[in-house]
Each structure stands twice: as structure tokens, then as C-alpha cells.
Amino acid sequence: MSLNVKELREYEPELMNILKKYSGSEYELIEVLHEAQELIGYLPKEAQKIIARQLDLAPGRVSSVVSFYNHFSEYSKGEFQVSLCKGTACYVKGSQEIIEKIENKYGIKSGQTTEDGKLSLNIVRCLGACGLSPVMTVNGKAHGLLNPEKAVKIIDSYLNGKIKEEENA
Ligand code: FES
């Protein structure tokens, strides 16, 4: 999802205030991106273009830094944030098939959020629950011993409100 014109206008004055603090050098790019992400919650393309213009950088330079660092995200986070483990223990037990099932079913890749803002997917390394591999967390709650069907059933239960965040699934 990206910001619409109205949303971007709301953020632009504050974004410009952030940018004014900097002298306009490329060395400051990471710091500027940190502050911009804190302000908006993520770094949509439109904001990246403003940053590039103010720091006199090519937009491609800014977007390559955003995609290089895991900390930065070009997409807003969904209401339900799925982190799926692709660490060694989970990988050998089939996490790749689960990832593909989720990507196909919900139409998002790692780092993306569904258009309705409900679901985000992140592929991560070892969630520290290897004994339950393959594992994912949904908003921080772990679900283990997954297979592709079980994983989407759990995600659907969150989306349908059948699993509330505070419940144990
Ligand atoms: S490798 Fe997946 S939880 Fe450790």
C-alpha cells in the first residue's frame, strides 16, 4: 500500500521539517530515513522521492538503501503481522512450501501488506522455537508444527476474528 495524495500532504510539512535539520548530504540518508519512518510508520515511494529530491540524490539510490536494510519498510504494516521462519530447522521441515502457500493465497510477498491493510508477511531467521518447527508468529504469538494448510487456516482465523490476539490458539 502507498500513501494517497491527501495522506502524503498531511505528512509533507513534518517531513520537510526533518529534512531541514540536515545539510543535504548523502551521508545523512540513513538518519533521515530513520526519522521519516518514525514519522510515517514506513517509507512509501512518495516519501522516498521527496527525500531524494531534498538530499539531491537519485530516487533509485534512496530506494536501494530502503530495500537493503531490514529495518526499513516500503509498506505499511498490516493489522495482523505474520513472521514466518526460514531458519535451518524450519526450512528442512518445509517452511518454503508454507511461504509459497501464503504468498499465493493472500497475494503478498515478504515485506508486503495486503491492499486492505489486514495482513503483512515477513520472512525471518530463527524465531527461537526450533523444537516447534516450522514456526510462524502472528502479532508475536507463536504457532508451530505447521504445514501449508494449517498455516493459512490459522491466518484465516485471525482475519475472521475467530482467534483474538489474547487467546491461545
Ligand atoms: S529455525 Fe525456525 S524457529 Fe529456529
Requested in this report: Consider K86 carefully, then state whether it is more than 12 Å from the chain's Cα centre (by Cα), assigned by TED's automatic domain parsing to the domain that holds I154 and either within 16 Å of the ligand (Cβ to nearest atom) or within 17 Å of L19 (Cα to Cα) (or both).
Outcome: yes
Report task. Starting from the stretch 115-141, take each residue that is among the charged types (D, E, K, R) and list its partners that are within 15 Å of the ligand (Cβ to nearest atom), counting only C-beta distances under 6 angstrom and pairs at least six apart or across chains. Result -> R125/G87
Report task. Sort out for me the strands (runs of 3 or more DSSP E) sitting completely within the stretch 54-164 that have 3 or more residues that are surrounded by 19 or more Cβ atoms within 10 Å (Cβ to Cβ) and at pLDDT 90 or above. Result -> 80-85, 119-124
Requested in this report: Check the stretch 97-105 and report whether any residue there is within 15 Å of the ligand (Cβ to nearest atom) and under 10 Å from L84 (Cα atoms).
Outcome: yes
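The values are calculated or read from the model by the stated rules, or taken from the named source; none is laboratory data. Every value quoted in this text rests on a predicted model; they were computed, and no experiment measured them. Every residue, glycine among them, receives a Cβ derived from its backbone with ideal geometry; neighbour counts consider all protein chains shown.
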